[in-house]
Amino acid sequence: MSEIAHQNHSEKKAFLVNSSSLRDVRSFCRGVFEKLQINNDLKEELVLAIAEAAQNIVKHAFKNNADANELMVVQISCESNKLQIAFYDRGTPVDPKKVKHREIDNVKPGGLGTFFIQEIMDAVEFKDGKRPWINHLVLTKQL
Amino acid sequence: MSYKVTEEGNVATIHLDGEIDMDVTEKAKEVIFPHIEGGKEVHLNLSNVQYMDSSGISVLIESHQKALEKNTKVIIKDVSKSVLKVIMMAKLEQILNLE
């Protein structure tokens, strides 16, 4: 747990749903985490978790085939040293029961993104998406 | 991502530079795989790769497995601290050849 009292803060940004946006998602996150004075090691872990979740939207919710103007929104909020990252998208509805990573000892390409998210974050929760959104993923971590 | 390839004898040394994510994995495969398929030992220098996600890790796994099929090997050299952390999170430090 962090010894720093991180300021309460919230920012959100919309990104086009494509793999080229992942760099922009990381840049946005790094900027917010710098404002929150999160140390570099934790910052890069959080950036990885967020980028993996965004990648899952591109790859799975839209199957790498989103319309050119389709958007996903990432919202980072910190309140009382609890970090909450929310994702909103209009892709295929996610069935949380089917979101599984591969067995970590069964070494093969793929299936690690969800594992990284679960390793880094305290909680991963799919909530009901409110219009116009379909999927609403929330990641949380106590700082 | 940018890259530089040098060849000496049966060894192809590939320096990757930048961030390796889903957006550049196809390019990374196009750079690495032909050398493995040609039976070369590949030295993959990651000293200038500061970020790698699960897609990049998949390229490392696929490269390693392809090399085994071709009776050669991929050696990952000078891995940056941040990428090593991701490799260790994936519990691959004993599977991949790290130097």
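The values are calculated or read from the model by the stated rules, or taken from the named source; none is laboratory data. None of these values were measured; they are calculated from a predicted model. Reconstructed Cβ throughout: ideal geometry from the backbone, glycine too, with neighbour counts over all protein chains shown. Surface areas here come from the heavy atoms of the whole protein model, side chains and all, with no ligands, DNA or RNA. Shrake-Rupley method; radii C 1.70, N 1.55, O 1.52, S 1.80 Å.
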Completion exercise
Of the residues in the range B:63-84, those that are part of a helix (DSSP H, G or I), touching a helix residue (DSSP H, G or I) at 6+ places or on another chain (Cβ under 7 Å) and under 18 Å from B:Ile36 (Cβ atoms) come to B:Ser63, B:Lys66, B:Ala67
Fill in the blank from the handout: Picked from the range A:3-44 (must be open to solvent by less than 40 Å² (accessible area, probe 1.4 Å) and assigned to a loop (DSSP other than H, G, I, E, B)), the residue farthest from the other protein chains (Cβ to nearest Cβ) is A:His6
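Kindly establish whether B:Leu60 is in contact with a helix residue (DSSP H, G or I) (Cβ under 6 Å, 6 or more places away or on another chain), within 14 Å of chain A (Cβ to nearest Cβ) and not polar (S, T, N, Q).
In short, no.
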Handout entry: Residue selected from the range A:84-143 under the condition in a helix (DSSP H, G or I) and open to solvent by 80 Å² or more (accessible area, probe 1.4 Å), by the criterion nearest to the other protein chains (Cβ to nearest Cβ)
Key = A:Glu119
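Matching residues to (1) in contact with a strand residue (DSSP E or B) (Cβ under 8 Å, 6 or more places away or on another chain); (2) more than 14 Å from every other protein chain (Cβ to nearest Cβ); (3) among the basic types (Lys, Arg):
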residue	(1), (2), (3)
B:Lys4	yes, yes, yes
B:Val11	yes, yes, no
B:Met22	no, no, no
B:Ala28	yes, no, no
B:Val31	yes, yes, no
B:Gly39	no, yes, no
B:Ser47	yes, yes, no
Practice task
Might you check whether a residue that is assigned to a helix (DSSP H, G or I), surrounded by 15 or more Cβ atoms within 10 Å (Cβ to Cβ) and free of Cβ contacts under 8 Å to residues at least 60 places away in the same chain occurs anywhere in the range A:60-75?
Solution key: yes
Problem - Restricting the range B:3-18 to residues that are more than 13 Å from the chain's Cα centre (by Cα) and at negative phi, the residue that is surrounded by the most Cβ atoms within 10 Å (Cβ to Cβ) - result: B:Val11
